[in-house]
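Trainee: This is the structure I want to talk about, given as structure tokens.
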Amino acid sequence: MPELPEVEVTRQSFAERIAGARVHGLRMGKPLRWPLGCAPESLNGQRIHGVRRRGKYLLVDLDEGLLLLHLGMSGSLNFAPTQPPAGPHDHMDLATDKGVLRLHDPRRFGAVVWAPSEASATAQKLLGHLGVEPLEGGFDAAAFHAALRKRSAPIKQVLLAGDTVVGVGNIYASEALFMAGIRPTLRANKVSRPRSDRLHAAIIEVLARAVRQGGSSLRDFVSAEGKTGYFQLEAAVYGRAGQACRVCATPIRSIVQGQRTTFFCPQCQKN
């Protein structure tokens, strides 16, 4: 699943090129997770003012309202001057005078939703529960620890929930916990302030480094320019079960938490 770094890389790869474009038309393919919420032709002639990100959602600001885009489990966006004829997994073509933005999503867990404003009920249903953005100035170490103190679930599950800090998905939660030396099964309210501070710093470092590396291309992720990411090549624990830890040479272990596979070093992450 594309996580925060992949979504941010996608945004960066087309945001400047589509900014200021005039919408010529919107083609929707097979139904996605939620209905569009407006008549596609109602977007014709509207100007695209910019593309922002909130968690794993991309927000395309229009003259009237905004489009919320989600890549789901396997989706990707491509922005090009023209697109070939749409295939069975091409579920959106946003045609503009600067190019065509296409959503390709084989599993159809993605979303394209129009909302009248970010404060509207439609947008808040998708965005209202999201936690603090980790790569922006509002991610405060003291507030992060205070939030963890209120949660009794395993720390890995709390990170994945996205209501404390947003966008720390499965790959990057495993990596940040390794960097902070915290066992993923430790209850969040048992994480001390010093260890919470290490985790806070690790989350920022891991996500920022992943963005610089173009994200992780584990299966078929590519940016809107068709470029793959490279973070997975330097992962310390994710996807390395049975291999030697890069720090202590202990074999990396994997367990299942909440139907997601977690990777950790039993020596570097003792508790």
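Trainee: Could you check how many residues of the stretch 35-67 are more than 17 Å from the chain's Cα centre (by Cα) and not in a loop (DSSP other than H, G, I, E, B)?
Mentor: Qualifying residue count, the stretch 35-67: 11.
Trainee: So which pairs qualify, if the first residue must be in the stretch 108-119 and touching a residue at least 60 places away in the same chain (Cβ under 8 Å) and aromatic (F, W, Y), the second must be open to solvent by less than 10 Å² (accessible area, probe 1.4 Å) and in a loop (DSSP other than H, G, I, E, B), the Cβ gap must be under 7 Å, and the two must be at least 6 apart or on different chains?
Mentor: If the second residue must be open to solvent by less than 10 Å² (accessible area, probe 1.4 Å) and in a loop (DSSP other than H, G, I, E, B), the pairs left are F109/G72.
Trainee: Here's another thing I want to ask about it. When you scan the stretch 171-187, how many residues do you find that are part of a helix (DSSP H, G or I) and open to solvent by 20 Å² or more (accessible area, probe 1.4 Å)?
Mentor: Number satisfying all stated conditions: 2.
Trainee: Would you say I203 is under 15 Å from the mean Cα position of the chain (by Cα), open to solvent by less than 20 Å² (accessible area, probe 1.4 Å) and of a type outside the set (D, E, K, R)?
Mentor: Judged against the criteria, I203 is a match.
Trainee: Another question about this same structure. Do you know which of the residues in the stretch 149-170 that are open to solvent by 10 Å² or more (accessible area, probe 1.4 Å) and in a helix (DSSP H, G or I) is farthest from Y57 (Cα to Cα)?
Mentor: Q157
Trainee: Here's something else I'd like to know. Within the stretch 21-51, count every residue that is open to solvent by 30 Å² or more (accessible area, probe 1.4 Å) and more than 16 Å from A111 (Cα to Cα).
Mentor: 8
Trainee: I need a count of the residues in the stretch 99-142 that are of a type in the set (K, R) and buried (at least 17 other Cβ atoms within 10 Å of the Cβ).
Mentor: Here the count works out to 2.
Trainee: Which of the residues spanning the stretch 259-271 are surrounded by 13 or more Cβ atoms within 10 Å (Cβ to Cβ) and farther than 15 Å from A180 by Cβ?
Mentor: Hits for the stretch 259-271 are R260, T261, P266.
Trainee: Further, regarding this structure: What number of residues within the stretch 123-148 satisfy the criterion of being in contact with a strand residue (DSSP E or B) (Cβ under 8 Å, 6 or more places away or on another chain), assigned to a loop (DSSP other than H, G, I, E, B) and of a type outside the set (D, E)?
Mentor: 5
The values are calculated or read from the model by the stated rules, or taken from the named source; none is laboratory data. Nothing here was measured: the structure is a model prediction, and the numbers come from that model. Reconstructed Cβ throughout: ideal geometry from the backbone, glycine too, with neighbour counts over all protein chains shown. Side chains included, ligands, DNA and RNA excluded: accessible areas come from the protein's heavy atoms. Shrake-Rupley method; radii C 1.70, N 1.55, O 1.52, S 1.80 Å.
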